[in-house]
Amino acid sequence: QVQLVESGGGLVQAGGSLRLSCAASGGVFSRYVMGWFRQAPGKEREFVAAISWSGDKISSVKGRFIISRDNAKNTVYLQINSLIPEDTAVYYCAAVSRVRVSLQVNDYDNWGQGTQVTVSS
């Protein structure tokens, strides 16, 4: 198991940017696929982006959600650009020990507590 702690959320105006961080501990970080998901009030948790240990990545909105990782720092990042009010949600970091990236919530078995992102119009 790996422990995950997100940070970097907050209140931002539409059009702005944020960088979320997720620090991992307790596991061999480089073995994990890392993902970001989000959940808005009354909605299901949805995929945002994921990255493998080797850097293969996928994103739900290419160019606006940019995922990266620093294996030396055991940290994964999510850069969110051109924020819109619909991006308001709790953003969760997740991890799973596998080779290929996954978009599926149920594939991930390690979750952080989440960080709130609120976008004002």
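The values are calculated or read from the model by the stated rules, or taken from the named source; none is laboratory data. Everything quoted here is computed from the prediction, not taken from an experiment. Neighbour counts are summed over all protein chains in view; Cβ atoms, including those assigned to glycine, are modelled from backbone coordinates with ideal geometry. These area figures cover heavy atoms from the full protein model, side chains too; ligands, DNA and RNA do not enter into them. Shrake-Rupley method; radii C 1.70, N 1.55, O 1.52, S 1.80 Å.
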If Glu44, Glu6 are ordered by their accessible area, calculated over protein heavy atoms with a 1.4 Å probe, which sequence runs from highest to lowest? Glu44, Glu6
Where a Cα-Cα gap under 21 Å defines reach, which lysines qualify for Lys73, not counting those fewer than 8 residues away within the same chain? Lys57
Kirkwood Rh for the chain from C-alpha pairs, in Å, is 14.0 Å
Kirkwood-type radius of the stretch 29-88, with distances r between different C-alpha atoms, in Å: 12.3 Å
Label zone at Arg98 (point 7 Å along Cα-to-Cβ), backbone N below 15 Å, the stretch 19-46: 31-37
All aspartates and glutamates inside 17 Å of Lys43 as judged from Cα atoms, apart from same-chain residues fewer than 8 positions distant: Glu86, Asp87
Expressed in nm to one decimal, what extension gain is obtained for the pair Asp109 and Arg31 from 0.36 nm per residue of sequence separation less their Cα-Cα distance? 26.7 nm
Anyone know which of Ala72, Ala49, Ala89 comes out most mobile in the 10 Å Cα GNM of the chain? Ala72
